Amino acid sequence: MTDMLDCFQQLPFISTKTNGRQEYAAHRNMAAKYAAELFENSFAIVKVPEFVQSRFKRLAENFSRIDRQVRENFCFIKKTDGFMPHGTTFARDLQKTDLCQTFNYWHCYRGTHSQYAFSRDPFYTTVASCEVEVHDLCQAILAEVADHYNYEHPLDIRDDSYVQFNMYPETMKKADRKYLQDIHEDGHLITYVKPNAPGLLIYARGMEQLINMEPDEAIVMTGSLLTELTDGDVPPLYHAVLDLNLPAARASLIYNVNALYTAMPSVKGRTIQMRAIANQHHAEFWQYPYHSV
Ligand SMILES: [Fe+2]
């Protein structure tokens, strides 16, 4: 495992504090700025509302208390929904499973969820309430992306996007693994990530950079579906999670943003089979096609 001090000495370190991003503004008002940063850098550091900050802490505290039987029962693997069984999430390499436990929440499946007692559990209801906030921000950012290209086709994301909560317990670590999650790009339009600690590495402008975020900050990264939508104009951000061997377990709240239209135009008018392309990316991560039954 990599020693944290070694990492800090070897890697360019982005401290958002020193970038002077202290101001808080309602996220809708900030969406244009965030979209501009995505065009420039393939990532944007975004403000996290106090509502989500406080609930994120509760998620990390409550996750490990959820009973094994409940996890096994609330598992809808064909829909990439609920608690993912151990060993079913990868960054492409089957030999390198993500060293985390994963819970996925889809807003569009909440009707099915309501049939399960777990849908009344504080962990579930907290994830669901965070989804509302994070969705609004991501939809606003994509509206700015559409404006930038004068793109008129609908870009509705709610029913095709999902929250992912990852917890990286000490017991899942492996001495021969440098990364908790290996280097990859996401097969989504954008991905929102709110972590509880450093460890996220990004590869932007040919440099490997360790990102440090303040407690009220998250990162939005570009994915390969956005590259498809923009005819290659916006590249995906490659990233990994480094094992910094920190005392507290790593946790991250993620929102994977998709728009799974069967066919839709690119910003230049080329027809994109977006759903098929997204499913191809999803299959590369060893997942079933989206919305499988
Ligand atoms: Fe990722």
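The figures follow:
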| item | result |
| --- | --- |
| Which numbered condition Lys268 fails, given (1) at pLDDT below 95; (2) out of contact with any Leu (no Cβ under 9 Å at 6 or more places or on another chain); (3) not in a helix (DSSP H, G or I) | (1) |
| Residue, modelled with the highest pLDDT, within the stretch 83-101, restricted to residues that are in contact with a helix residue (DSSP H, G or I) (Cβ under 8 Å, 6 or more places away or on another chain) and within 28 Å of Pro215 (Cα to Cα) | Phe83 |
| The stretch 221-250, subset among the charged types (D, E, K, R) and in contact with a Gly (Cβ under 8 Å, 6 or more places away or on another chain), residue nearest to Thr191 (Cα to Cα) | Arg250 |
| Residues being under 23 Å from the mean Cα position of the chain (by Cα) and either surrounded by 14 or more Cβ atoms within 10 Å (Cβ to Cβ) or of a type in the set (Gly, Ala, Ser) (or both) - total across the stretch 149-161 | 6 |
| Leu260 vs. criteria away from the ligand (no atom under 15 Å from the Cβ), of a type in the set (A, V, I, L, M, F, W, C), in contact (Cβ under 8 Å) with a residue 60 or more places away in the chain and within 14 Å of Gly187 (Cβ to Cβ) | yes |
| Subset of the stretch 243-257 [within 14 Å of the ligand (Cβ to nearest atom) and either surrounded by fewer than 22 Cβ atoms within 10 Å (Cβ to Cβ) or within 13 Å of the chain's Cα centre (by Cα) (or both)] | Ser252, Leu253, Ile254, Tyr255, Asn256, Val257 |
| Pick from the stretch 212-224, criterion under 11 Å from Asn41 (Cβ atoms) and not polar (S, T, N, Q), ranking: nearest to the ligand (Cβ to nearest atom) | Met221 |
| Matching residues, the stretch 163-196, being assigned to a strand (DSSP E or B) and closer than 21 Å to Ala263 by Cα | Ile190 |
| Test result for Gln164, of a type in the set (S, T, N, Q), crowded, with 16+ Cβ neighbours inside 10 Å and more than 14 Å from the ligand (Cβ to nearest atom) | no |
| Among the candidates Thr230, Thr262, residue that is out of contact with any Lys or Arg (no Cβ under 6 Å at 6 or more places or on another chain), at pLDDT 95 or above and of a type in the set (S, T, N, Q) | Thr230 |
| So Met172, is it farther than 14 Å from His239 by Cα, touching a residue at least 24 places away in the same chain (Cβ under 8 Å) and within 16 Å of the ligand (Cβ to nearest atom) | no |
| Options Asp159, Asp136, Asp121: the member that is acidic (Asp, Glu) and at pLDDT below 95 | Asp136 |
| Out of Ser252, Ser266, sole residue that is farther than 21 Å from Met167 by Cα, small (Gly, Ala, Ser) and in contact (Cβ under 8 Å) with a residue 24 or more places away in the chain | Ser266 |
| Cβ-Cβ under 9 Å pairs, at least 6 apart or on other chains, the stretch 188-209 side closer than 25 Å to Ala249 by Cα and in contact (Cβ under 8 Å) with a residue 40 or more places away in the chain, far side of a type in the set (Asp, Glu) and more than 11 Å from the ligand (Cβ to nearest atom) | Lys194/Glu217; Gly199/Asp243; Leu201/Glu208; Ile202/Glu208 |
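The values are calculated or read from the model by the stated rules, or taken from the named source; none is laboratory data. Predicted, not measured: the structure shown is a model, and the values here were computed from it. Cβ: placed from backbone, ideal geometry, glycine included. Neighbour counts: every protein chain shown.
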